[in-house]
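Data block below; observations after.
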Amino acid sequence: MSTGFFEGIEKVVYEGPDSTNPMAYRHYNPDEIVMGKRMEEHLRFAVAWWHTFAWEGQDPFGGQTFVRPWHPQDDMERAKLKADVAFELFDILGVPYFCWHDADIRPEQGSFAENLRTLNEITDYIGEKMEAGGPDLLWGTANMFSHRRWMGGASTNPDPDVFAFAAATVKSCMDATHKLGGQNYVLWGGREGYETLLNTDLGAELDHMGRFLNMVVDYKHKIGFKGTILVEPKPQEPSKHQYDFDAATCIGFLRKYGLENEVKLNLEQGHAILAGHSFEHEIAVAAAEGMLGSIDMNRNDYQSGWDTDQFPNNTPEVALAYYHILKSGGFASGGTNFDAKVRRQSIDPADLVAAHVGGMDICARGFKAAAAMLEDGGLETALKERYAGWESAEAQAMLGSDLGSIAQRVLDDNVNPEPRSGRQEILENYVNRFV
Ligand code: XUL
Ligand code: CO
């Protein structure tokens, strides 16, 4: 039986680029074959439980603006109503995946035993809905940043009891993710960092975090979870300095603690911007190391400097991101999650639907542009030409040589390189033909 929350809103369908219906897909056509695969299987869209259903519209200066029938979110009956509404939205949108934190789906009641009981109950309930034809779980994760117990960190907390509570919490969330057939398990360390070095033993905290992540990987193998463990970089907010600053920092961390073959990255567009990078930079760094896992495709406001978690609406940005994803072989267990929320004045159920429709459509449009660029091959040809010198036997031999021998060759052959254009504008014009 319908909850009636989305009353009057029909299932969203593909109507093509000329449609003027704001509740139709103009570019996202799940069954369209692009580069040999259905678009739905390429993009693997997921709705995020936290922003779409749990978030109540607060900002630093004001409280709740959304008034939903499942508020206040403190008992199991309303948690189930929220799940009912969630599956209605999944059905309206036709998304193949969703994601959650434990705290989004269960009521928060305090003790670990209570949290465990309610998590198990609600994930059984969600499991029944999945079996009845609902979408699959892209990833589960633990919220170890909202409750006051996490204020000084989770695995990096100076109090070993918080480390223990974090270990128990992650175990329970991995169990629940495994039970629901989740494709990945994510760890984002919002409070794994510091406010001031005056009270922080940075080296000890990093060691604890490295040990914690090794326990997560060991547990994954113990229970036979086949999904991918992902960490999600972000430079700051809520912590002043977060340890998982960006893709490169995470990769260094994973290598130091022996996790480079076990853990991949969940990259978020807005986090890339906060770190002073473009999204495609973060994707390319992860891809170069074979550590590209999944993405959170939500942008920030470029003026405010906050993590505003907005739905994407910039085709060229999205196109370049998918270009690098496609170039590295596309998603395996990962997908496109909208870690995005509507603005706090967008209080209607229709706003929730329209936000996802727009986000999915922009992604589809950018994705098709990316596929067309890759199939055309213009960028790859230009890249090959630019690095062609390295194809010679002499250049390759140099990499196995030493400074002295190279210096001798420079003298003997009078090596005197002639600068060549990087052709940036020509390449930018090329990209603009597709977006
Ligand atoms: C916060 C953020 C998280 C993670 C999951 O900025 O991105 O929601 O995606 O914990
Ligand atoms: Co995120």
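All of the numbers you see were taken from the coordinates with simple rules; none came from a lab. Since the model is a prediction, treat every value here as computed from it, not as a measurement. Note: ideal-geometry Cβ built from the backbone for every residue, glycine included; neighbour counts use all protein chains shown.
For the range 212-277, applying the loop criterion from DSSP together with a ceiling of 16 other beta carbons within 10 Å to the GluC sites (Glu not before Pro) yields E260. Take the Cα of S278, step 7 Å toward its Cβ, do the same at K384, and the gap between the two points is 2.2 nm. Scalar couplings 3J(HN,Hα) for the range 119-127, obtained by applying the Karplus form with A = 6.51, B = -1.76, C = 1.60 to θ = phi - 60°, are 5, 5, 5, 6, 6, 5, 5, 5, x Hz; x denotes Gly and Pro.
For the chain, set up a GNM with springs between Cα atoms under 10 Å and report which of M144, M291, M215 has the largest fluctuation. Looking only at M144, M291, M215, the largest GNM fluctuation is found for M215. Whole-Hz Karplus values for the range 157-171 come out as 5, x, 8, x, 5, 6, 4, 5, 4, 5, 4, 5, 5, 5, 4 Hz, taken residue by residue from phi with 6.51 cos²θ - 1.76 cosθ + 1.60 and θ = phi - 60°; glycine and proline positions read x. Net charge dipole, the range 216-337: roughly 420 debye, given to the nearest 20, about the Cα centre with Cβ charges of +1 for Lys and Arg and -1 for Asp and Glu.
Descending by average beta-carbon neighbour count within 10 Å, the peptides 172-185, 52-65 line up as 172-185, 52-65, the highest first. Between D102, D84, D201, the Gaussian network model of the chain with springs among Cα atoms under 10 angstrom shows the greatest mean-square fluctuation at D201.
Across the range 174-179, computed HN-Hα scalar couplings (Karplus, 6.51 cos²θ - 1.76 cosθ + 1.60, θ = phi - 60°) run 5, 4, 5, 4, 5, 4 Hz from first to last residue, x flagging Gly and Pro.
Give the residue list of chymotrypsin sites (Phe, Trp or Tyr not before Pro) in the range 264-334 that are DSSP loop and have at most 12 other beta-carbon atoms within 10 angstrom.
Y302
In this calculation the C-beta distance from M398 to S111 is compared with R0 = 41 Å, giving a FRET efficiency of 0.05. Here A168 and N414 are evaluated by their C-beta separation; at R0 = 60 Å the FRET efficiency comes out at 0.30. Inter-label distance, T65 to M1: 3.4 nm, where each label sits 7 Å from its Cα along the C-beta direction. Segment R211..E56, full-extension length gain: 52.3 nm, with 0.36 nm per residue of separation and the alpha-carbon distance subtracted.
Exposure proxy ranking for S405, S421, based on other Cβ atoms within 10 angstrom of each Cβ and starting from the fewest, stands as S421, S405.
In a reduced charge model with +1 at each Lys and Arg Cβ and -1 at each Asp and Glu Cβ, the chain shows a dipole moment near 280 debye about its Cα centre. Roughly what angle does helix 279-288 make with the longest principal axis of the chain, taking Cα atoms, 0 to 90 degrees, to the nearest 10? Once rounded, the angle reads 70 degrees. Put simply, the amide H of G193, placed in the peptide plane, has neighbours under 5 Å in Y243, leaving out anything fewer than 5 places away on its chain. Over the chain, what is the percentage of antiparallel beta bridges among all DSSP beta bridges, to the nearest 5? Percent antiparallel among DSSP bridges in the chain is about 20. Using the average count of surrounding beta-carbon atoms within 10 Å as a protection proxy, the listed peptides 229-242, 344-357 rank, highest first, as 229-242, 344-357.
A Förster distance of 41 Å, applied to the separation of the beta-carbon atoms of Y125 and M35, puts the FRET efficiency at 0.60. Relative contact order of the chain: 15 percent, from C-alpha pairs under 8 Å at least 6 residues apart in sequence.
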